[in-house]
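The values are calculated or read from the model by the stated rules, or taken from the named source; none is laboratory data. The model shown is predicted, which means the values in this text are computed figures rather than measured ones. No Cβ is skipped: glycine too gets one built from the backbone with ideal geometry, and neighbour counts run over all protein chains shown.
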């Protein structure tokens, strides 16, 4: 739903094809992930929320006038200390829980949604396990994306937070983990999950939230809370930000990661910063993503790259290719 109208979806299955083709061109053979069950998602998400995602569509069908997809028609107000998780929804009614757990009209649930949601979490966990086993880098081709998903709320095409799952898994071995989000949108879900923790640094560089989704978070003043004070950083970029602006933000973010003393990195890699993205407002070129790859490789940390957004099918494969070229060159 955009500006009061039903819109054609942008996160379509065909997004995977050019990304898989880019991997093939670089001699990378994808592997199917192990089925980890709910355990990876439960490490960062509330049990009641996952129960809701797994059962909502079937329960929705029992309504006397149910529509074809699960969508909220209310949104409860919640005021709490930053970093504090909400209690479970106090009502067992499906309408109430849908308003409680679905944060906007960009996260409908259909008959097969849970299959994809939980499978994406398995991809992220398996990519993290590869690094835990000694691989210097791995790439998690997740769909749907995850960085807008909070501990108990879906938002902005995202249902479970794949980057947070990978970061939490890396904490089994590494004392300090950093998450760098270069998607065009603020990684509000990732920020929320780790906002009161000092062991995981979250850095997000994104279009200025004064003029771009998610609007209500992503500002420089958000620095973390309690034990997490100072362990969150946001770098807003202006409309039309160029490759030079983009690379300047990356350099600043990497300096923050070095100062934190991170031992491993999660990269939330979105391609909706591209100037041709249908819902983007930044001006990054395809070649600009090569600079991301070079910077990440030069950081010298074990890294799990988690795929986030990017909706211009004609360019995202080349964007991933540019990233991989830059990573190799770095």
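Checked against (1) touching a helix residue (DSSP H, G or I) at 6+ places or on another chain (Cβ under 9 Å); (2) surrounded by fewer than 20 Cβ atoms within 10 Å (Cβ to Cβ); (3) assigned to a loop (DSSP other than H, G, I, E, B), residue 45 passes all but a single condition, namely (2).
Would you please name the residue that is nearest to residue 140 (Cα to Cα), looking only at residues in the range 17-29 that are out of contact with any strand residue (DSSP E or B) (no Cβ under 9 Å at 6 or more places or on another chain) and in contact (Cβ under 8 Å) with a residue 60 or more places away in the chain? That would be 20.
One line per residue, one yes/no per condition, for (1) surrounded by 14 or more Cβ atoms within 10 Å (Cβ to Cβ); (2) closer than 22 Å to residue 105 by Cβ:
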| residue | (1), (2) |
| --- | --- |
| 16 | yes, no |
| 23 | yes, no |
| 30 | no, no |
| 37 | no, no |
| 49 | yes, yes |
| 52 | yes, yes |
| 56 | yes, yes |
| 67 | no, yes |
| 71 | yes, yes |
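Only strands (runs of 3 or more DSSP E) whose full extent lies in the range 119-208 are considered here, and the ones with at least 1 residues that are free of Cβ contacts under 8 Å to residues at least 60 places away in the same chain and closer than 20 Å to residue 233 by Cα are 200-207.
The residue that is nearest to residue 45 (Cα to Cα), among those in the range 56-113 that are in contact with a helix residue (DSSP H, G or I) (Cβ under 7 Å, 6 or more places away or on another chain), without any contact (Cβ under 8 Å) to a residue 60 or more places away in the chain and in a helix (DSSP H, G or I), is 101. Kindly provide the set of residues from the range 153-195 that are out of contact with any strand residue (DSSP E or B) (no Cβ under 8 Å at 6 or more places or on another chain) and either more than 19 Å from residue 46 (Cβ to Cβ) or at pLDDT below 95 (or both), ordered by number. If the condition is that a residue be out of contact with any strand residue (DSSP E or B) (no Cβ under 8 Å at 6 or more places or on another chain) and either more than 19 Å from residue 46 (Cβ to Cβ) or at pLDDT below 95 (or both), then 157, 172, 175 are the ones that fit.
Of all residues in the range 253-267, those that are on the phi > 0 side of the Ramachandran plot and surrounded by fewer than 18 Cβ atoms within 10 Å (Cβ to Cβ) have Cβ atoms under 6 Å from Cβ atoms of residues that are at pLDDT 95 or above and part of a loop (DSSP other than H, G, I, E, B), 6 or more apart or on another chain, in 261/176. Selection of the range 33-84 for residues being at pLDDT below 95 and closer than 30 Å to residue 327 by Cβ yields only 34. Here residue 220 fulfils each of the conditions (1) assigned to a loop (DSSP other than H, G, I, E, B); (2) over 30 Å from residue 2 (Cβ atoms); (3) in contact with a strand residue (DSSP E or B) (Cβ under 8 Å, 6 or more places away or on another chain) apart from (2).
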